[in-house]
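See structure below.
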Amino acid sequence: MKKILMVITLVIITTSVFASTNKTEQIKPVEQDSATISAVLENILSTELPLFLQKSLKKNYENYWITDLFRLTGDEGVCYYITLKNADETLILESRYQGNWHLFKKHQTI
């Protein structure tokens, strides 16, 4: 299971860095230990997030702006990844399988 999640995480990081202009991308299946992983990655608007995630962003990250947002739909469910920036830092948050936002990565602006 950890190997499967690691492959998906690497795909997410690679895809967010090299995102294309397409609205939806089909991620090619990856074989790992006789298991096939397939997922759909979609760039979305913040209005397409579940309401509880929208409210959490407005409440906890009001001094940030959104630079990237996508939904990853796979066999195990739906995950959301958002990049937020302000003058001091860049945050990447994730919400996995109907959970709340969690810090995925933080980068200080120089």
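Below, the figures for the structure above:
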{"read-out": "Filter result (over 14 Å from the mean Cα position of the chain (by Cα), outside any helix (DSSP H, G or I), under 16 Å from LEU103 (Cβ atoms) and not aromatic (Phe, Trp, Tyr)) within segment 49-89", "value": "ASN63, LYS85, ASN86, ASP88, GLU89"}
{"read-out": "Selection within segment 90-103 - in contact with a Ser or Thr (Cβ under 9 Å, 6 or more places away or on another chain) and in a strand (DSSP E or B)", "value": "THR90, LEU91, ILE92, LEU93, SER95, HIS102"}
{"read-out": "Among residues of segment 55-104, those that are open to solvent by 70 Å² or more (accessible area, probe 1.4 Å) and more than 26 Å from ALA39 (Cα to Cα), counted", "value": "10"}
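The values are calculated or read from the model by the stated rules, or taken from the named source; none is laboratory data. Fair warning: this is a prediction, and the values are worked out from it, not measured in the lab. As a convention, Cβ positions derive from the backbone with ideal geometry for all residues, glycine included, and neighbour counts pool all protein chains shown. When the accessible area is computed, the model is the full protein with side chains, heavy atoms only, and any ligands, DNA or RNA have been set aside. Shrake-Rupley method; radii C 1.70, N 1.55, O 1.52, S 1.80 Å.
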